[in-house]
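Undergrad: Structure incoming, see below.
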Amino acid sequence: MTSVCLTFDFDAVSLWVSTFKQTTATPVSRGEYGANVGIGRVLDLLREKDVKATFFVPAHTAVSFPRQTRRIIEEGHEIGVHGYCHETPIGYTREAEADLLDRSIAKLRTVLGKDFAPIGYRSPAWDLSADSVELLVQRGFLYDSSMMADDFRPYRARRGDRVDEEAFVPGEVMRLIEMPVAWELDDFPYFTFINKPLFGGLRTPDDVYDCWRGEFDYCHEAIDDGAFTLTMHPQIIGRGPRIRMLARLIEHMQSQSNVSFTALGDEARRRDPLLPGVV
């Protein structure tokens with residue numbers, strides 16, 4: 001069985017405000033595109049294909065675009081935590097990182113209701129501090145989706161790794177499940193152009209379809225009980241030719257035997273009793 005987990009980072013304007021430190025009209029408008037055009041196309045496609053997905057939403061996005069954020073939940077998808085304003089947790093003290101996580105959840109609840117209880121987290125930086133795993137466990141999170149120690153097999157996260165020029169010594173295995181990600185399975189490096197500093201991909205949808213289909217086919221053919229996780233952004237994948245490419249990829253995956261589409265949270269719950277490593 002292969003589990004396909006489609007995930008979308010609904011960054012909207014927060015990506016430009018925090019990560020790229022750009023608050024002028026044009027970069028902000030790129031975030032607006034994700035909220036006013038891209039997210040609708042994504043949700044329409046998921047409804048058409050009868051697929052449930054996971055959306056990681058910064059608190060900044062939720063309060064800036066509450067109608068779009070609530071639609072995600074209303075259409076049966078999962079929402080996970082994705083920072084306060086798309087900031088990296090690296091460099092914060094333990095207390096400051098804990099406060100940031102708590103404020104992010106609290107702000108999401110102002111839009112999604114006081115009963116909103118997220119079980120999934122994705123670092124906006126795809127990186128974690130030395131305290132992140134323990135802070136997530138303390139707050140009852142079931143899974144994280146920020147690391148890359150495997151490609152198609154979820155595993156338990158650790159705390160307290162020792163990493164220096166002498167050796168790498170793994171730390172204590174925690175209950176938190178890691179649903180791994182990969183830059184190869186992210187739309188950002190293929191499609192995004194940033195002019196400060198100058199970098200960008202701008203590959204064709206057919207190029208990316210071939211890459212992603214090849215990754216899926218390997219997972220489906222070679223990995224027993226694999227989890228194929230794609231990371232996408234409404235402001236990127238939402239452009240017309242790209243959303244059509246995603247539709248074609250979904251159709252290819254749906255045409256294969258022993259394939260199911262699931263939200264990350266549901267997949268993590270299924271795997272929780274199966275994964276070793278928790279005393």
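The values are calculated or read from the model by the stated rules, or taken from the named source; none is laboratory data. Quantities reported herein were computed from a predicted structural model and do not represent experimental measurements. As a convention, Cβ positions derive from the backbone with ideal geometry for all residues, glycine included, and neighbour counts pool all protein chains shown. The protein model used for the area step is the full one, side chains on, heavy atoms only, and it has no ligands, DNA or RNA in it. Shrake-Rupley method; radii C 1.70, N 1.55, O 1.52, S 1.80 Å.
Undergrad: Out of segment 113-123, which residues are open to solvent by less than 20 Å² (accessible area, probe 1.4 Å) and assigned to a loop (DSSP other than H, G, I, E, B)?
TA: Passing the criteria: Pro118, Arg122, Ser123.
Undergrad: Which strands (runs of 3 or more DSSP E) sit wholly inside segment 155-201 and have at least 3 residues that are in contact with a Pro (Cβ under 8 Å, 6 or more places away or on another chain)?
TA: Correct list: 155-159.
Undergrad: With respect to Asp99, is the statement that it is open to solvent by 40 Å² or more (accessible area, probe 1.4 Å), modelled with pLDDT of 95 or more and within 23 Å of Ala263 (Cβ to Cβ) true?
TA: When the stated conditions are applied, Asp99 does not pass them.
Undergrad: Anything in segment 16-51 that is open to solvent by less than 10 Å² (accessible area, probe 1.4 Å) and farther than 17 Å from Arg239 by Cα? List them, or say none.
TA: If the condition is that a residue be open to solvent by less than 10 Å² (accessible area, probe 1.4 Å) and farther than 17 Å from Arg239 by Cα, then Trp16, Val51 are the ones that fit.
Undergrad: Here is a follow-up. Which ranges mark the helices (runs of 4 or more DSSP H) fully within segment 1-75 that have 1 or more residues being within 16 Å of the chain's Cα centre (by Cα)?
TA: Of the helices (runs of 4 or more DSSP H) lying wholly inside segment 1-75, those with at least 1 residues that are within 16 Å of the chain's Cα centre (by Cα) span 39-49, 59-64, 66-74.
Undergrad: Pick from Pro234, Pro189, Pro205, Pro273: which is closer than 19 Å to Met147 by Cβ and not basic (Lys, Arg)?
TA: Residue meeting the stated conditions: Pro189.
Undergrad: Here is a list: Arg248, Arg213. Which entry is touching a Leu at 6+ places or on another chain (Cβ under 7 Å) and either open to solvent by less than 10 Å² (accessible area, probe 1.4 Å) or modelled with pLDDT of 95 or more (or both)?
TA: That would be Arg213, the only listed residue that is touching a Leu at 6+ places or on another chain (Cβ under 7 Å) and either open to solvent by less than 10 Å² (accessible area, probe 1.4 Å) or modelled with pLDDT of 95 or more (or both).
Undergrad: Give segment 255-274 a look and list any residue that's more than 23 Å from Val81 (Cα to Cα), in contact (Cβ under 8 Å) with a residue 40 or more places away in the chain and part of a loop (DSSP other than H, G, I, E, B), or say none.
TA: The answer is Gln256, Asn258.
Undergrad: For Thr110, state whether it is surrounded by fewer than 20 Cβ atoms within 10 Å (Cβ to Cβ) and under 20 Å from Glu178 (Cα atoms).
TA: So Thr110 fails the test.
Undergrad: A further question on this structure: Give segment 138-161 a look and list any residue that's open to solvent by 50 Å² or more (accessible area, probe 1.4 Å) and of a type in the set (A, V, I, L, M), or say none.
TA: Correct list: Met147, Met148, Ala149.
Undergrad: Is there any pair linking a residue in segment 65-94 that is in contact (Cβ under 8 Å) with a residue 24 or more places away in the chain and surrounded by 14 or more Cβ atoms within 10 Å (Cβ to Cβ) to one that is polar (S, T, N, Q) and part of a loop (DSSP other than H, G, I, E, B), with Cβ under 7 Å and at least six apart or on different chains, and which?
TA: Listed by first residue and then by second, the contacts come to Pro89/Ser123; Pro89/Ser129; Tyr92/Ser129.
Undergrad: Looking at (1) open to solvent by 20 Å² or more (accessible area, probe 1.4 Å); (2) touching a helix residue (DSSP H, G or I) at 6+ places or on another chain (Cβ under 7 Å); (3) more than 15 Å from Phe8 (Cβ to Cβ), which is the only condition Phe188 fails?
TA: Failing condition for Phe188: (3).
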